[in-house]
Amino acid sequence: MRAIKAHTDVAVDLAELSWADVSLMLDFVTLARRLRVQGFTLALRNPQPQVAALLELVGLDRVPGVQIERSEPVLA
């Protein structure tokens with residue numbers, strides 16, 4: 001609810017999200033559109049590989065105003 005009412009860019013940390021369905025993707029699209037109308041963006045940060053694959057499958061990576069920010073792998 002706070003994200004919908006935001007008057008700034010919104011960042012969502014997905015690091016601990018291991019599973020998502022299409023209804024969450026639709027929520028992200030709706031949020032991104034509302035933010036874009038106000039001139040703001042939505043950043044989806046640190047998705048796990050399976051969540052990142054779903055984000056790309058539904059095309060969220062191509063929605064204007066949405067940025068998918070993956071964490072860089074740590075080299076030992």
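Restricting attention to the range 13-42, and to residues there that are exposed (fewer than 15 other Cβ atoms within 10 Å of the Cβ) and in contact with a strand residue (DSSP E or B) (Cβ under 8 Å, 6 or more places away or on another chain), which single residue is farthest from Gly65 (Cα to Cα)?
Out of the qualifying residues, it is Ala15.
Can you name the residue in the range 44-55 that is of a type in the set (A, V, I, L, M, F, W, C) and buried (at least 16 other Cβ atoms within 10 Å of the Cβ) and is also nearest to Val66 (Cα to Cα) among such residues? Quick ask: steps written out before the conclusion?
To start, the set of residues in the range 44-55 that are of a type in the set (A, V, I, L, M, F, W, C) comprises 44, 51-55.
Next, only the ones that are buried (at least 16 other Cβ atoms within 10 Å of the Cβ) stay: 44, 51-52, 54-55.
Details: Leu44: 7, Val51: 15, Ala52: 13, Leu54: 14, Leu55: 11 Å.
Looking at the filtered set, the residue picked out is Leu44.
Name the pairs whose Cβ atoms lie under 6 Å apart, with the first residue in the range 32-50 and under 12 Å from Val12 (Cα atoms), the second assigned to a loop (DSSP other than H, G, I, E, B) and aliphatic (A, V, I, L, M), and 6 or more positions between them or separate chains?
Ala32/Val63; Leu44/Leu14; Asn46/Leu14; Asn46/Ala15; Pro47/Leu14
We did not get these values from a lab; they are worked out from the coordinates using the rules stated. Predicted, not measured: the structure shown is a model, and the values here were computed from it. Please note: Cβ atoms are built from the backbone with ideal geometry, for glycine as well, and neighbour counts cover all protein chains shown.
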